[in-house]
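Worksheet: the structure to be examined is printed underneath.
The values are calculated or read from the model by the stated rules, or taken from the named source; none is laboratory data. Keep in mind the model is a prediction, meaning the values are calculated, not measured. No Cβ is skipped: glycine too gets one built from the backbone with ideal geometry, and neighbour counts run over all protein chains shown. Note: areas computed on protein heavy atoms with side chains; ligands, DNA, RNA excluded. Shrake-Rupley method; radii C 1.70, N 1.55, O 1.52, S 1.80 Å.
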Amino acid sequence: MQKLGVVITGSGSATPATALDNQELSQRVETSDEWIRSRTGIRARRLATASESLSAIATQAATEAIAMAGITPAELDLILLATSTPDDLFGTACQIQAQLGATKAVAFDLTAACSGFVFGLVTAAQYIRTGVYQNVLLVGADILSRWVDWEDRRTCVLFGDGAGAVVLQANESDRLLGFELKSDGTENRCLNLSYKAQSKQLIQGVNIGHGTYQPITMNGKEVYRFAVQRVPEVIDKALFRANLSVDKVDWLLLHQANQRILDAVAERLKIPPHKVISNLAHYGNTSAASIPLALDGAVRQGQIQSGDIIAASGFGAGLTWGAAVFQWGR
Ligand code: ACO
């Protein structure tokens with residue numbers, strides 16, 4: 001029988017060693033541990049030093065996921081890296097491929113901000129379901145500290161750096177039970193890390209735009225409203241596609257943006273707090289890394305068990321948002 005189903009067989013994660021807690025951050029901007037904790041649930045975040053690359057933490061997370069899956073890097077067919085902060089704008093997935101020695105794998109980056117992991121999961125699944133590839137590595141990794149405005153207390157308190165990875169494999173039964181993805185570029189201005197160009201004259205009559213990316217800007221209130229309204233809708237839709245009622249969900253695994261968003265979404269869906277996975281206190285918002293980082297933590301702590309149903313949802317810049325309902329384990 002042809003294996004056209006998808007199973008997630010391994011997870012891994014990695015974060016930089018340097019931690020910065022709220023108290024320490026208040027030495028830099030006018031804020032307090034109390035303000036940050038009560039508004040976001042964040043207590044500390046990990047930050048990459050100048051010598052720590054995205055590809056290095058991504059490869060570390062990937063190595064753990066591959067080991068848990070019980071395969072070798074040489075068996076990988078495809079490597080997807082969900083990131084908004086590549087080491088190289090031409091793409092960083094190939095560097096992970098080289099560092100792993102995944103000689104057979106084709107590798108490329110995918111950008112959908114904080115939705116990147118869920119978008120990547122669905123993309124990976126399509127290659128498996130069409131019978132093209134059998135073993136896919138999906139990494140979600142971001143070093144947003146490179147692009148945070150460290151003078152802006154409204155944003156710098158929120159973000160942290162990290163990487164998480166999963167291995168998806170072809171299987172006779174399909175454990176990706178339902179998904180829904182969405183984009184709305186008309187709301188793009190809510191959250192940006194945009195390129196700004198100055199006109200530069202090359203020769204008389206020929207000008208180009210030459211510049212760089214600008215630090216993150218965000219309308220916090222609008223992002224909050226967007227997440228609380230849209231995330232329950234896509235989870236409902238993904239559950240409908242999976243033919244599951246909400247009470248069958250064992251774990252709600254949301255992009256770790258803000259504890260208040262996690263609580264509000266869970267309440268709207270009537271999912272009790274003990275089913276909500278959260279690692280925000282330790283890592284803050286790690287963008288594309290946040291879902292696989294939280295997933296791997298919960299798996300390794302024995303919270304998530306084989307057969308558990310997980311409703312995952314990513315949301316963020318673009319705007320993009322999406323949900324995937326899957327069953328953990330073989
Ligand atoms: N410390 C102390 N005071 C602060 C800080 C800070 N770090 N940041 C803002 N303030 C002040 C503001 O200056 C403002 O003061 P003012 O009234 O004197 O002008 C006051 O606190 C309230 O500011 P708001 O921006 O209105 O704060 P709000 O209650 O909306 O909370 C927050 C801000 C936590 C960002 C909230 O809007 C939120 O949760 N938004 C969701 C956005 C989010 O999670 N983004 C993550 C990235 S996007 C993603 O991953 C999807």
Residue hits (the stretch 93-104; buried (at least 23 other Cβ atoms within 10 Å of the Cβ) and not in a helix (DSSP H, G or I)) are A102
Within the stretch 29-73, residues out of contact with any Leu (no Cβ under 9 Å at 6 or more places or on another chain) and not in a helix (DSSP H, G or I) come out as V29, E30, S32, T49, A50, S51, E52, S53, G70, I71, T72
All-but-one check, D236 against (1) closer than 30 Å to S11 by Cβ; (2) more than 16 Å from the ligand (Cβ to nearest atom); (3) part of a strand (DSSP E or B), failing number (3)
I'd like to check something: does the stretch 28-39 contain any residue that is of a type in the set (A, V, I, L, M), surrounded by 19 or more Cβ atoms within 10 Å (Cβ to Cβ), more than 16 Å from the ligand (Cβ to nearest atom) and over 30 Å from K104 (Cβ atoms)? no
Flagged pairs (Cβ under 9 angstrom, 6 or more apart or on separate chains; first in the stretch 303-319, farther than 17 Å from V7 by Cβ; second surrounded by fewer than 20 Cβ atoms within 10 Å (Cβ to Cβ) and among the small types (G, A, S)) are Q303/G297; G318/S183; G318/G185; L319/S183; L319/G185
When R153 is run through (1) away from the ligand (no atom under 16 Å from the Cβ); (2) open to solvent by 10 Å² or more (accessible area, probe 1.4 Å); (3) touching a residue at least 24 places away in the same chain (Cβ under 8 Å), the failure sits at (1)
key: Check on A65, of a type outside the set (S, T, N, Q), within 17 Å of the chain's Cα centre (by Cα) and within 16 Å of the ligand (Cβ to nearest atom)   = no
Task: Test: D88 is in contact with a helix residue (DSSP H, G or I) (Cβ under 8 Å, 6 or more places away or on another chain) and open to solvent by 10 Å² or more (accessible area, probe 1.4 Å) - done: yes
**Message:** Just checking, does the stretch 109-122 include any residue being surrounded by 21 or more Cβ atoms within 10 Å (Cβ to Cβ), over 12 Å from the mean Cα position of the chain (by Cα) and free of Cβ contacts under 8 Å to residues at least 40 places away in the same chain?
**Reply:** yes
With criteria (1) of a type in the set (A, V, I, L, M, F, W, C); (2) away from the ligand (no atom under 16 Å from the Cβ); (3) within 20 Å of A44 (Cβ to Cβ), F159 comes up short on (2)
The lone condition S173 fails out of (1) more than 14 Å from the ligand (Cβ to nearest atom); (2) modelled with pLDDT of 95 or more; (3) open to solvent by 20 Å² or more (accessible area, probe 1.4 Å) is (2)
Flag if R129 is within 16 Å of the ligand (Cβ to nearest atom), open to solvent by 40 Å² or more (accessible area, probe 1.4 Å) and of a type in the set (D, E, K, R)
no
The residue from A312, A317 that alone is within 21 Å of D161 (Cα to Cα), away from the ligand (no atom under 13 Å from the Cβ) and in contact with a strand residue (DSSP E or B) (Cβ under 6 Å, 6 or more places away or on another chain) is A312
Among helices (runs of 4 or more DSSP H) entirely within the stretch 259-319, at least 2 residues that are touching a Ser or Thr at 6+ places or on another chain (Cβ under 8 Å) and small (G, A, S) occur in 290-300
